[in-house]
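The block underneath contains the structure these notes are about, expressed in structure tokens.
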Amino acid sequence: MIATRANGDPTPAPTESAQRLDTTLHTDPLDDGRRPARLLGTGGGRALVVLAVMLVTFAGAGTAYAMQEFATNQAAAAGPHDGVVPDGCVAPDRHLQMYAVELPRDPVTNQIRLGYGLTPETASYPGPTMEMIEGECLAITLHNQVTAETLAQLRTDTEHPLGLSLHAHGVKYTQDSDGTVHSGSYVAPGESRTYTWYAKPRNSRTGSPGTAGYWWYHDHVVGGPHGTQGIGSGLFGGLVVRRQGDPRPDRTYVTVFGDRQSINLRRGAATDDCDLDNPVPGPACFVARVGERVEFIVVGIGDDMHTWHVHGHSWADTRTGVVAGDNKAIVDSIPVIDNKTLGPGDSFGVTIVAGDSVGPGHWMLHCHMQFHSDLGMATTLHVLDENGQMPPGGHQHRAVLDQVSVDRAGSSSDIQAGAQHDGHHN
């Protein structure tokens, strides 16, 4: 049995004013603090409020001089390691601390594992799911706690600098926040750096499409200039940008499909570590109650093509994963799908209602490239009943994953040799 909200109902979407004031860290009520945190953004209007306050403050002292002095002081306070704010961002609405740490090695392959976390103790792979609202500006200070010795082991060129970074897809940033070697925007061992992301809003007048969507963030430095070894070691996470009024899910999971038939760098039995008596949501435990709106951020890494499929459920192939409104022409043009192709670097969102018309159960989630699923690229979405009870059959399903690991994955030495063959660590 798992914990629930006090009344068992989904949390209603906050009002715009509430979103502007909501700068606290929200964790899933079912995770007991073990699932990567989900971060709720502030509203886009906050930047306008900050600008208005600045203008009123500076009006009596000479606006031009005061604004120049303010900018100079801000630049001096920022220091040489802080990212510059992108156009459209007056000042960050929130400032978060992010830590990159070394985690226990993979128990099967003994490969190095790294992770991002909002604290060193909560680092994981994938890292914390980041959530923003269009119009919001977010500053993230990354602290590199991975030793130079570990980073040196992942390096493919002895001349390549030792460090790691934070590189985001979808949102806006200056080159100082690109997270690359060529821009110098990376973090050496033991040092810190601030990256600034701007969720630019849609503007029909200028033609800007905005930044709402399902994205991801990752390292772009470890091992080489493209961060291949950083991604392959676990330095990645999900990022979702919403528009005001978008439907809010009850829970969000990240599924990163990668090389060597991996889901979140795991395969076979390792993809599902749910305690069937007391499941705790996490990177390898996908669980929901019947009727809950479940959102998946789907990401492709590595070199392989995949397809993302979940049994018993389907979704609308739209930006939000749901169909909104009653316009028949629009609604009829939206495809409803249960399988979608995923290439390296791709990302998209899936929103389903757990157990919709199919009820509780242990629903397979896997790559539908047959040899990928045969080699262990499959996990389970556990849908509990209305009382939060695990349905029967979980142990039988777990036995199937265990058998796949024994029959198909091969020995640990075989897996490690295969992973090292192409230089990847996933």
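Here the ratio of the Cα radius of gyration of region 282-374 to 2.2 N^0.38 Å is 1.15.
Take 216-227, 339-350, 139-150 and order them by the average number of nearby Cβ atoms within 10 Å per residue, most first; the result is 216-227, 139-150, 339-350.
The magnitude of the dipole of region 105-245, with charges of +1 and -1 set on the Cβ of Lys/Arg and Asp/Glu and taken from the Cα centre, is near 560 debye. Simple spin-label estimate for Asp87 and Asp326 gives 4.3 nm between the two label positions (7 Å along the Cα-to-Cβ direction from each Cα). Determine the relative contact order of region 112-186: mean sequence separation of Cα pairs under 8 Å and six or more apart, normalised by residue count, in whole percent. Here the relative contact order equals 16 percent. Between the listed residues Val298, Thr320, Thr341, the Cα displaced farthest toward the positive end of the dipole of region 269-380, a dipole computed from Cβ unit charges relative to the Cα centre, is found at Thr320. For region 251-368, the dipole from Cβ point charges (+1 on Lys and Arg, -1 on Asp and Glu) about the Cα centre works out to 100 debye, to the nearest 20. In this structure, the amide hydrogen of Met130, modeled 1.01 Å from its nitrogen in the peptide plane, lies closer than 5 angstrom to those of Gly238, Leu239, Val240, counting only residues at least 5 positions away or on a different chain. Taking 17 Å as the straight-line reach from the Cα of Lys172, the lysines in range (excluding those fewer than 8 positions away in the same chain) are Lys200.
Ligands, DNA and RNA aside, Glu159 has an accessible area near 150 Å² when probed at 1.4 Å. Think of each Lys and Arg Cβ as +1 and each Asp and Glu Cβ as -1; about the Cα centre, that makes the dipole of region 303-378 roughly 180 debye. Test of understanding: what is the full-extension gain from Ser183 to Thr307, defined as 0.36 nm times their sequence separation minus their Cα-Cα distance? Using 0.36 nm per residue and subtracting the Cα-Cα distance, I get 41.2 nm. Between the C-alpha center of region 98-156 and that of region 178-199 there is a gap of 13 Å.
Each 5 Å bin from 0 upward holds the following percent of the Cα-Cα pairs of region 134-180: 5, 16, 23, 20, 15, 12, 6, 3, 1.
Computed 3J(HN,Hα) for region 116-130, one whole-Hz value per residue from the Karplus formula 6.51 cos²θ - 1.76 cosθ + 1.60 where θ = phi - 60°, is 9, x, 6, 9, x, 6, 9, 4, 7, 10, x, x, x, 6, 9, glycine and proline marked x. Normalised by the number of residues in region 71-228, the mean separation of alpha-carbon contacts (under 8 Å, six or more apart) gives a relative contact order of 25 percent. Between Asp157 and Thr206, the distance separating the two model label sites (each 7 Å from Cα on the Cα→Cβ line) works out to 3.6 nm. For region 98-111, 3J(HN,Hα) computed residue by residue from phi via the Karplus equation (6.51, -1.76, 1.60; θ = phi - 60°) reads 10, 10, 9, 9, 8, 10, x, 5, 4, x, 8, 9, 6, 7 Hz, glycine and proline entered as x. Of the Cα atoms belonging to region 186-332, the radius of gyration and Dmax stand at 18.2, 57 Å. Taking every alpha-carbon pair in region 257-416 and binning the separations at 10 Å intervals from zero gives 11, 38, 35, 14, 3, 0 percent. Expressed per residue, the C-alpha convex hull volume of region 156-264 stands at 138 Å³. Accessible surface of region 346-399, 1.4 Å probe: 54 percent of it comes from carbon and sulfur atoms. Most simply put, region 78-210 has about 65% antiparallel DSSP beta bridges, counting only bridges with both residues inside it.
The values are calculated or read from the model by the stated rules, or taken from the named source; none is laboratory data. If you're wondering where the values come from, they're calculated on a predicted model, not measured in any experiment. Counting neighbours? That spans all protein chains shown, and the Cβs are built from the backbone with ideal geometry, glycine included. SASA here: full protein model, heavy atoms, side chains in, ligands and nucleic acids out. Shrake-Rupley method; radii C 1.70, N 1.55, O 1.52, S 1.80 Å.
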